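Input: a single structure, listed below in structure tokens.
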Amino acid sequence: MTATAPADNALTEARAQLGRRLFYDTRLSRTAEIACANCHRQAHGFADDAAVSPGVEGRRGTRNAPALVNVAWQGSYFWDGRARTLEEQAAMPIENPLEMDLSLDQAVARLAADPTVTAAFVDAYGGPPDRQTLPRALASFVRTLVSAASPYDRHLRGDDGGFGVAERRGEALFFSERAACFHCHPPGALTNDGFFNNGTFVAGGDAGRQMVTGHTGDVGKFKVPGLRNVAASAPYMHDGSVPTLGGGDRPVRPRRPG
């Protein structure tokens, strides 16, 4: 399975390695305390274990950090779909005042002052870091975050060694009209990449997709998340309000920075 990439950012080893380096680099935040990896933790499926991740100086927005696994095959990004490409998405958290709060120009200047980082950009993109190649490198790394060998994947290929009775029972329910999960989470991708209101919206709450489209019919709609590594990426929903796969009634508390 090969992640697709735009013609101006073909996926190469040098670009992916540079993107990985930047993903863990706190210099991309104004206070040099937050990296992309703070909100997208590998141990949690490249999501976060906090309902809402803290940004610089402990600032918080209202939405949960989505998992990044297999997002290379999606057609839009963020819970409201405001970014159409991974390159566009990668730049937004850096400049968001509630997240990393640093202009791209300042981020580029910091990186350009480091000879080893500049050399890596020259190797990957033929020149020093700039406003285009910084997000392109991050996007290249994210395209390598692929999950394709789970017991479920092996089951789809006819290998049921890790797929027991409970898993079969869950699969039958998942793909039945009784539960109807598969309409939004089809087999394979486990997301239809669409936007829906799951019934949790209340008047005055987060308007979701409507904030992008301006359409009344999009109020309270959010992107359908993929279910890859979902057991590791709790809490769930756009606001992180559901703490476990079984639901539960324990409130999810924001995590402190660090």
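Taking 0.36 nm per intervening residue step and subtracting the Cα-Cα distance, what contour gain separates ALA207 from THR144 on full extension?
Values: separation 63, 0.36 × 63 = 22.68 nm, distance 3.18 nm.
Here the segment from ALA207 to THR144 would lengthen by 19.5 nm.
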Along each principal axis, Cα extent of region 187-242, largest first, Å: 33, 22, 17
For region 80-198: rounded, prolate or oblate by the Cα gyration tensor [a/c cutoff 1.5]: prolate
Percent carbon-and-sulfur accessible area, the chain, ignoring ligands, DNA and RNA, probe 1.4 Å: 55 percent
Å² per residue, accessible surface of the chain at 1.4 Å: 50 Å²
Amide proton proximity set for GLY208, modelled H, under 5 Å, gap of 5+: GLY220
Angle in degrees between helix 13-23 and the longest Cα principal axis of the chain, rounded to the nearest 10: 90 degrees
Global geometry of region 30-74, whether rounded, prolate or oblate, following the gyration tensor of its Cα atoms and the 1.5 cut on a/c: prolate
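Kindly give Rg over Rh for the chain, based on alpha-carbon atoms, with the Kirkwood expression for the hydrodynamic radius.
Numbers: Rg = 19.1 Å, Rh = 19.5 Å.
So for the chain, dividing Rg by the Kirkwood Rh gives 0.98.
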Expected-Rg normalisation [2.2 N^0.38 Å, Cα atoms] applied to region 111-258: 1.40
Solvent exposure, largest accessible area first (probe 1.4 Å, DNA, RNA and ligands not counted), of MET237, MET92, MET211: MET211, MET237, MET92
By average C-beta atoms within 10 angstrom, highest first, the peptides 142-150, 82-90: 82-90, 142-150
Label-point separation, ASP130 to MET237 (7 Å along Cα→Cβ), nm: 4.5 nm
Extension gain (nm, one decimal) between PHE163 and ASN192, 0.36 nm per residue minus Cα-Cα: 8.1 nm
Extended-chain gain in nm, criterion 0.36 nm per residue less alpha-carbon gap, ALA7 and THR26: 4.0 nm
Hull shadow area, averaged, region 130-187 [alpha-carbon convex hull, nm²]: 5.7 nm²
In Å², nearest 10: area of GLU171 left accessible to a 1.4 Å probe: 50 Å²
THR200, THR31, reordered so the largest accessible area comes first (probe 1.4 Å): THR200, THR31
From phi via Karplus (6.51, -1.76, 1.60), per-residue ³J(HN,Hα) for region 24-39 in Hz, x at Gly/Pro: 9, 9, 6, 5, 7, 10, 4, 8, 6, 10, 10, 10, 3, 5, 5, 9
Global form of region 1-138, assessed from the alpha-carbon gyration tensor, a/c cut-off 1.5: oblate
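The values are calculated or read from the model by the stated rules, or taken from the named source; none is laboratory data. Small disclaimer: the values here were computed from a predicted structure and weren't measured. Every residue, glycine among them, receives a Cβ derived from its backbone with ideal geometry; neighbour counts consider all protein chains shown. What goes into the accessible areas is simple: the full protein's heavy atoms, side chains included, and nothing from ligands, DNA or RNA. Shrake-Rupley method; radii C 1.70, N 1.55, O 1.52, S 1.80 Å.
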